[in-house]
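Notes follow the structure.
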Amino acid sequence: MNLDHMTIAVRRRTIAELYDLALLVLRRHLLALTVLAVAGALPWVLLDAWLLEGVPDVWLAWYWLLLLAIAQAPLATAALTAYLGEAMFNPQPSMRRAVSTAARHWSLLLQIGAMYGVLAWLPVLLFLAPPHAVAVAVLENQRGRAAWTRAHSLRVAWATAWPSHLMLAIGVLAATLVMLVGTLDALEHLLTAARAMPDWLEVLPRLDPAHSVLPIVAFFLTLAYLAVVHFLAYLDLRTDREGWDVDLALRRVAERLEETP
């Protein structure tokens, strides 16, 4: 851990700054994060598309998509979180090490996903779930009861921030879905030389997870972006609650003193 070459400054940030910084982090590590996000999400996207095929009601299909995707999110985004943890202190992080780190904690990630999935049956109960459980498991190398205790302690400190994050997450999902549907419609318009863009009634089937893969893709793209936000929020929470910026500064001074002859 190179404390003199940290790629993200550890300091308190507002919620808006966290979402803005997440875009900067995505741009800086676009290729690696895209590969890890696609690799983590693709199996679940294919599975969910198969499971949701033929669900008769659009709202029921969205409910099942919510339940499935939230349960799958810890496993889908763990490697991405591990990569960000290494990238913070290492200018040349390794995707292979990130995948290996996530794989070592697969059993705990499976437990976290199962807990999220059970709570998602009644979505309001998700507010009881520790949102930084994946970061605790992957970045702090916590296991078993210690991991759950640590994650729940962070959940208590997170309580005042979740309403704002929820509204922003819904906005990100809506924007991502609109972007995907709009891009597909524009491509079809260009390729078929249509005289007019399709009206909203023709677009509605593409918003149904039982008949289109676009909502599923949009959901997992949103989860990947929120994984970056949650990583930054985890740093912010530790800084606010534990004075992590002071701890790192003292470690930095100690390392320099040890190197002084």
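Observations on the structure shown:
- Count - residues of region 47-64 that are in a helix (DSSP H, G or I) and surrounded by fewer than 22 Cβ atoms within 10 Å (Cβ to Cβ): 10
Listed here are the residues, each with its yes/no results for (1) among the polar types (S, T, N, Q); (2) within 17 Å of Phe219 (Cβ to Cβ).
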{"residue": "Thr34", "(1), (2)": "yes, yes"}
{"residue": "Glu53", "(1), (2)": "no, yes"}
{"residue": "Ala61", "(1), (2)": "no, yes"}
{"residue": "Leu66", "(1), (2)": "no, yes"}
{"residue": "Ala71", "(1), (2)": "no, yes"}
{"residue": "Ala82", "(1), (2)": "no, no"}
{"residue": "Asn90", "(1), (2)": "yes, no"}
{"residue": "Pro93", "(1), (2)": "no, no"}
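- Filter pass, Ala157 being surrounded by 12 or more Cβ atoms within 10 Å (Cβ to Cβ) and at pLDDT below 65: yes
- Taking the numbered list (1) assigned to a helix (DSSP H, G or I); (2) within 22 Å of Ala22 (Cα to Cα) in turn, Leu67 passes all entries but (2).
- Test: Leu125 is among the aliphatic types (A, V, I, L, M), assigned to a helix (DSSP H, G or I), exposed (fewer than 15 other Cβ atoms within 10 Å of the Cβ) and free of Cβ contacts under 8 Å to residues at least 60 places away in the same chain: yes
- Residue list for region 64-84, filter: of a type outside the set (A, V, I, L, M) and touching an Asp or Glu at 6+ places or on another chain (Cβ under 9 Å): Trp64, Gln72
- One residue alone among Pro74, Pro93 is closer than 21 Å to Leu26 by Cα and part of a loop (DSSP other than H, G, I, E, B), and that residue is Pro93.
- Residues (touching a residue at least 24 places away in the same chain (Cβ under 8 Å) and small (Gly, Ala, Ser)) located in region 57-99: Ala61, Ala69, Ala71, Ala73, Ala76, Ala78, Ala79, Ala82, Gly85, Ala87, Ala98
Per-residue answers, yes or no, for (1) of a type in the set (S, T, N, Q); (2) within 17 Å of Phe219 (Cβ to Cβ); (3) more than 18 Å from the chain's Cα centre (by Cα); (4) at pLDDT below 80:
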residue: Gly113; (1), (2), (3), (4): no, yes, no, no
residue: Ala133; (1), (2), (3), (4): no, no, no, no
residue: Arg143; (1), (2), (3), (4): no, no, yes, yes
residue: Leu166; (1), (2), (3), (4): no, yes, no, yes
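- Restricted to region 179-261, the set of helices (runs of 4 or more DSSP H) holding at least 3 residues that are at pLDDT 60 or above comprises 214-242.
The values are calculated or read from the model by the stated rules, or taken from the named source; none is laboratory data. This is a predicted model, so every value here is computed, not measured. Reconstructed Cβ throughout: ideal geometry from the backbone, glycine too, with neighbour counts over all protein chains shown.
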